[in-house]
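Input: a single structure, listed below in C-alpha cells.
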Amino acid sequence: MTNGLIHRRDLLKAGSIGLIAGSATPVMAREPWMTGPGQPMSGSGESSRYVSLAREQVGAHAFGPGAGSSSSPLQHLNGTITPSRLHFERHHSGIPDIDPDKHRLTVHGAVRQPLRFSYADLLRYPQETHLYFLECSGNSYRNTLAEPQNQTAGELNGLVSGSEWTGIPLHYLLDEAGVTADAEWIVAEGADAAGLTRSVPLSRALDNVLVALYQNGEPLQPAQGFPVRLFVPGCEGNISVKWLQTIKVQAKPGYTRDETSKYTDLLQDGQAEMFTLQMEVKSVITSPSGRMRLPEHGVYDVSGIAWSGAGTIAKVEVSADGGKNWVTAALQSDARPLALTRFRIPWHWQGQSAVLLSRAFDDRGNIQPTREAALARYSSAVIYHYNGYQSWRVGKSGEVSNVYV
Amino acid sequence: MFMSSREQGYWWRLLVWVFALVPALVQADSIGHGLKPGLGEPLTEFKGTIISVDGSNLPEGSGSVAAGKVLYETRCAACHGMKGEQPGNQLAGGRGSLSGPRPLKTVGSYWPYATTLFDYIWRAMPYDEQKSLDPDQVYAVTGYVLRLNGIVGLPEVLNAKNLAGIKMPNRGGFVEMSE
C-alpha cells in the first residue's frame with residue numbers, strides 16, 4: 001500500500017529479518033586494536049581515518065575569489081547538530097583573519113548614547129544558549145532549475161546547518177545604548193572586506209536575536225564570524241551578519257545592496273518582494289539520498305531533517321511512491337522551535353522502484369509545498385526561498401537520484 | 001553555651017564575611033538576568049559609513065562623471081566590462097526585462113536607490129582593493145555607473161546634496177514585506 005514504508009503500528013509485526021547461528025565455544029577476538037594500547041591522549045581530536053567528511057559544492061564567483069559558498073554534507077551526518085567545521089559557508093569577500101583585540105562592536109544611530117565594546121567586554125556579558133538552524137535563502141536553488149541535477153543531498157540542500165549558538169541577547173546592548181522612540185530598524189555591518197550590511201526590524205532585534213560568540217561550545221570559527229556575529233533565528237542566513245562591527249539604529253531600513261540588488265524575490269509581474277526574512281517550513285530526506293546506492297534488499301532507516309523559520313516542526317510525512325500515499329514519520333523527541341528536527345521511518349525495499357520524499361508541517365499551520373507550488377510563488381529567475389519537495393528516485397539496482405515529481 | 005573571647009572573635013568575623021558576600025552574589029531569579037556589566041565605552045559623535053537613503057549622512061566631497069569614466073576603465077572594467085556588460089557580473093542593461101522570461105537585474109534595471117550604489121562601492125569595491133577609493137572617487141565612479149545605465153537627469157558632478165535625489169528607474173518596483 002505504501003510501497004514498503006512501515007507504519008509505527010506495524011513495527012512489531014515486521015520484527016527482525018534473519019538469524020545467524022552463533023558458535024558454541026566462545027573465542028576471544030584478537031583484532032590488532034584489541035591487543036595493545038592505542039594512540040595516546042592529544043590536545044585536539046579528529047575524525048577516524050576511516051571517516052572522510054568535507055563540505056561540498058565549494059565554489060566561488062568567476063570574478064571574486066572568496067565570494068561563494070560551500071555546503072554541509074547532509075547525507076553523511078545524523079542527528080541535528082552540524083559540526084562547526086562542516087557548517088555551510090556563504091561569504092561575499094572571503095573569510096577575514098580578525099585579531100579580536102583590535103575588533104570593536106559599535107552601537108550608534110538612534111540611541112541616547114553611542115557605545116563601543118571590545119571582544120573582552122562582550123565576553124563578560126550574560127549569554128544564552130539555543131539550538132537553531134541557519135539556512136541560506138539560496139539553499140536548494142538547484143531544484144528550481146528546469147532539469148533535476150544528479151547531485152547529493154548536501155550539494156543540493158546543504159546550505160542549511162544546525163548548531164548550538166551562545167551569545168548575548170542583542171537587547172542587552174541596545175538597552176545599554178538606549179534606543180530612542182523613532183527607532184524601527186537596526187542595520188548590522190560586518191568587518192569583512194565586503195562590509196556586508198543588512199537590516200533587521202527592531203521588533204525582531206529586541207526579541208530573540210543574539211550577538212553570538214560561541215558555536216557548539218567553542219568560540220566561533222573564522223568562517224562563522226569570529227570573533228562575533230549577529231544571529232537572527234529562523235531567518236535567511238545573510239542577515240546573521242558575520243564579523244559584526246557596527247549596529248546602527250534607524251527609523252528606516254538601510255536598503256543596502258544585499259537587501260535590494262540581492263536577497264529580494266522577483267515576482268512574475270516584475271515587482272519584487274523585499275525583506276522576506278523568515279525561512280519557510282521545509283524537509284529533506286538525507287538517507288537514502290542522491291548518488292547513494294542501496295547495497296541489497298532489506299529494511300532501511302529513511303531519515304532526514306525538517307525545520308521552519310516560523311516555529312516548531314509538528315509532523316513530517318514520508319512517501320515512497322512519489323507522493324500518492326503518505327505515512328507519518330517518527331520525530332525525535334525534542335523538536336525545538338527554529339531548530340533542525342530529525343525524522344525517521346523504516347522502509348522495506350525489495351527491489352521495487354520507488355520515489356522517496358518528505359513534507360514537513362510546523363506548529364503554525366504551515367505545510368511544505370510541492371515543487372510546483374513553491375515555484376509558482378516567484379519569477380522563474382528567483383533562486384531564493386525555495387522550499388518545495390526534495391524527491392529521490394530509487395532505481396531497480398538501488399541507485400538513488402534526484403527527481404522531480 | 002560559653003565561648004572563649006577568641007572563639008567569639010572567630011564566629012563574629014565569619015558572620016561579617018557572610019553578610020559581605022550575600023549582596024555580591026545577586027540572586028539571578030530576583031532580577032532575571034537583568035544585571036549587566038555596563039561596559040560600553042561612551043562615544044561622542046560617531047558617524048559610521050552606513051549611508052541612509054535620504055543621503056543625510058553622505059560624506060563631504062564630489063566627483064564628476066567624466067572623472068568617473070577614467071576611474072571605471074582603470075579600476076572596474078576588468079571585472080565588469082567596459083560598458084558594465086560582463087556576463088555574470090553586469091552592472092548595466094536589462095531595462096524592461098524584469099517581467100519577461102529572462103530577467104536581468106542590474107543597477108539600472110533593478111536598484112531602487114542611488115545612495116545604495118555609493119554605500120556599496122565605498123565599502124566593497126573594487127573587489128581587488130576594497131576601501132581604496134576616497135569619497136570624491138566614489139562620487140565620480142558612482143556617477144559613471146549611473147551614466148552607463150542611461151539614468152535620465154543625471155548631474156555631471158555628483159555630491160552629498162544631489163545623489164539622493166537621483167530617480168532610479170525601478171524605485172517603485174518593490175513591495176516591502178512587514179513582519
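The values are calculated or read from the model by the stated rules, or taken from the named source; none is laboratory data. Model, not experiment: these values are computed from the prediction. No Cβ is skipped: glycine too gets one built from the backbone with ideal geometry, and neighbour counts run over all protein chains shown. Accessible surface areas use protein heavy atoms only, side chains included; no ligands, DNA or RNA. Shrake-Rupley method; radii C 1.70, N 1.55, O 1.52, S 1.80 Å.
None of A:Leu12, A:Leu53 is among the hydrophobic types (A, V, I, L, M, F, W, C), at pLDDT 95 or above and not assigned by TED's automatic domain parsing to the domain that holds A:Thr152 except A:Leu53.
Going by the structure shown, is A:Ala60 surrounded by 10 or more Cβ atoms within 10 Å (Cβ to Cβ), at pLDDT below 95, more than 30 Å from B:Ser52 (Cα to Cα) and not hydroxyl-bearing (Ser, Thr, Tyr)? Break it down into steps so the answer makes sense when it comes.
Details: surrounded by 10 or more Cβ atoms within 10 Å (Cβ to Cβ): yes; at pLDDT below 95: yes; more than 30 Å from B:Ser52 (Cα to Cα): yes; not hydroxyl-bearing (Ser, Thr, Tyr): yes.
Spelling it out, A:Ala60 is indeed surrounded by 10 or more Cβ atoms within 10 Å (Cβ to Cβ), at pLDDT below 95, more than 30 Å from B:Ser52 (Cα to Cα) and not hydroxyl-bearing (Ser, Thr, Tyr).
If you go through the range B:144-179 and pick out every residue that is in a loop (DSSP other than H, G, I, E, B), in contact (Cβ under 8 Å) with a residue 24 or more places away in the chain, among the polar types (S, T, N, Q) and more than 10 Å from chain A (Cβ to nearest Cβ), you end up with 1.
Mind listing whichever residues of the range A:228-251 are surrounded by fewer than 24 Cβ atoms within 10 Å (Cβ to Cβ) and assigned to a loop (DSSP other than H, G, I, E, B)? Within the range A:228-251, A:Pro233, A:Gly234, A:Ala251 qualify.
Summed over the range B:42-51, the residues that are under 25 Å from A:Arg198 (Cβ atoms), at the interface with chain A (Cβ under 7 Å from one of its Cβ atoms) and not aliphatic (A, V, I, L, M) give a count of 2.
Going by the conditions given, is B:Lys36 touching a Phe, Trp or Tyr at 6+ places or on another chain (Cβ under 6 Å) and modelled with pLDDT under 95? If you could, list the steps in order and put the result at the bottom.
Numbers: touching a Phe, Trp or Tyr at 6+ places or on another chain (Cβ under 6 Å): yes; modelled with pLDDT under 95: yes.
Spelling it out, B:Lys36 is indeed touching a Phe, Trp or Tyr at 6+ places or on another chain (Cβ under 6 Å) and modelled with pLDDT under 95.
When B:Lys69 is tested against (1) in contact with a helix residue (DSSP H, G or I) (Cβ under 8 Å, 6 or more places away or on another chain); (2) facing chain A (nearest Cβ under 9 Å); (3) modelled with pLDDT of 95 or more, only condition (2) is not met.
Here is the figure for the range A:326-338: residues that are surrounded by 19 or more Cβ atoms within 10 Å (Cβ to Cβ) and within 14 Å of A:Val284 (Cα to Cα) total 1. Just a yes or no: is a residue in the range A:259-267 assigned to a loop (DSSP other than H, G, I, E, B) and of a type in the set (Gly, Ala, Ser)? Looking through the range A:259-267, at least one residue is assigned to a loop (DSSP other than H, G, I, E, B) and of a type in the set (Gly, Ala, Ser). Where strands (runs of 3 or more DSSP E) sit wholly within the range A:55-125, those with at least 2 residues that are of a type outside the set (Gly, Ala, Ser) occupy A:56-61, A:89-91, A:104-109, A:115-118. Test A:Tyr255 against the criterion of being assigned to a loop (DSSP other than H, G, I, E, B), surrounded by 21 or more Cβ atoms within 10 Å (Cβ to Cβ) and within 9 Å of chain B (Cβ to nearest Cβ), and give yes or no. Here the answer is yes, as A:Tyr255 does meet what is asked.
Taking into account only those residues within the range A:140-158 that are of a type in the set (A, V, I, L, M, F, W, C) and open to solvent by 20 Å² or more (accessible area, probe 1.4 Å), which is farthest from the chain's Cα centre (by Cα)? Lay out the reasoning, then the answer.
Just the residues of the range A:140-158 that are of a type in the set (A, V, I, L, M, F, W, C), to begin with: A:145-146, A:153, A:156.
Retained after the next criterion (residues that are open to solvent by 20 Å² or more (accessible area, probe 1.4 Å)): A:145-146.
Working: A:Leu145: 21, A:Ala146: 24 Å.
Only one residue fits best here, namely A:Ala146.
For the range A:263-305, enumerate the residues that are open to solvent by 40 Å² or more (accessible area, probe 1.4 Å) and without any contact (Cβ under 8 Å) to a residue 24 or more places away in the chain. Listed by number, the residues that qualify are A:Asp269, A:Gln271. Would you check if there is a residue in the range B:101-121 being modelled with pLDDT of 95 or more, surrounded by fewer than 17 Cβ atoms within 10 Å (Cβ to Cβ) and at negative phi? Checking the range B:101-121: not a single residue is modelled with pLDDT of 95 or more, surrounded by fewer than 17 Cβ atoms within 10 Å (Cβ to Cβ) and at negative phi. Going through (1) within 14 Å of another protein chain (Cβ to nearest Cβ); (2) open to solvent by 10 Å² or more (accessible area, probe 1.4 Å); (3) under 20 Å from A:Gly79 (Cα atoms) one by one, A:Ala314 falls short only on (1). With respect to A:Leu244, determine if the residue is touching a residue at least 60 places away in the same chain (Cβ under 8 Å), within 14 Å of chain B (Cβ to nearest Cβ) and in contact with a Lys or Arg (Cβ under 6 Å, 6 or more places away or on another chain). Here the answer is yes, as A:Leu244 does meet what is asked.
One line per residue, one yes/no per condition, for (1) farther than 28 Å from A:Arg55 by Cβ; (2) within 22 Å of the chain's Cα centre (by Cα); (3) surrounded by 16 or more Cβ atoms within 10 Å (Cβ to Cβ):
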| site | (1), (2), (3) |
| --- | --- |
| A:Ile81 | no, yes, yes |
| A:Phe88 | no, yes, yes |
| A:Pro96 | no, no, yes |
| A:Thr106 | yes, no, yes |
| A:Gly109 | yes, no, yes |
| A:Asp121 | yes, no, yes |
| A:Tyr125 | yes, no, yes |
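A search for C-beta distances below 7 Å between a residue of the range A:153-178 that is among the hydroxyl-bearing types (Ser, Thr, Tyr) and any residue that is modelled with pLDDT under 95 and surrounded by fewer than 24 Cβ atoms within 10 Å (Cβ to Cβ), counting only pairs 6+ apart in sequence or on different chains, returns A:Tyr172/B:Lys36.
In the set (1) open to solvent by less than 30 Å² (accessible area, probe 1.4 Å); (2) touching a Leu at 6+ places or on another chain (Cβ under 9 Å); (3) more than 22 Å from A:Tyr386 (Cβ to Cβ); (4) not aliphatic (A, V, I, L, M), A:Pro346 fails one condition alone, (1).
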